[in-house]
């Protein structure tokens, strides 16, 4: 992603969100079409925006508008300064926990050793609770907002693997899968499933 003018990117996004507090997909598309030179930055931020909003409105979780605002503010700051080198550094740290180290990592961050769930989170295919993202951030020495940007970019750039829903039918997602749906699709023992779903209710202090 090339940042032609970080300050201009920030101004475009700030003005857009002021005018569209709850933007639709059509609003985002119109913004991208109106600012083609900033399409990459806008697309990244749209995904981060969707990520944070869906985390806050997940069924069973209390909406914390201040938390969403802080998350988006940090993500906007990251988009204005993170360059390709920074992004690759964060991705390299994430990739260090693939392969033989993946299961141990999935246990350490509370994912019950579920490698498929871990990989889905790290490639932006699943909307992990901010508590999970925070745990990953701590272990890879990155900020939460840096990870959200990387997750969003990975989702945007990779072929979206068909996801098996709870009824085991594959589907190609148009956006990241909600945490509760992803957890239930793992077919875990009921106690493990309940513990992972409870992470959605965690009061994250960012």
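The values are calculated or read from the model by the stated rules, or taken from the named source; none is laboratory data. In this text the structure is predicted, and so the values were computed from the model without any measurement. Backbone-built Cβ (ideal geometry, glycine too); neighbour counts: all protein chains shown.
The table for this structure:
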{"quantity": "Helices (runs of 4 or more DSSP H) completely within the range 67-172 that count 1 or more residues being modelled with pLDDT of 90 or more", "calculated": "84-95, 102-108, 115-122, 130-140"}
{"quantity": "Yes/no for residue 133 being closer than 16 Å to residue 178 by Cβ and without any contact (Cβ under 8 Å) to a residue 24 or more places away in the chain", "calculated": "yes"}
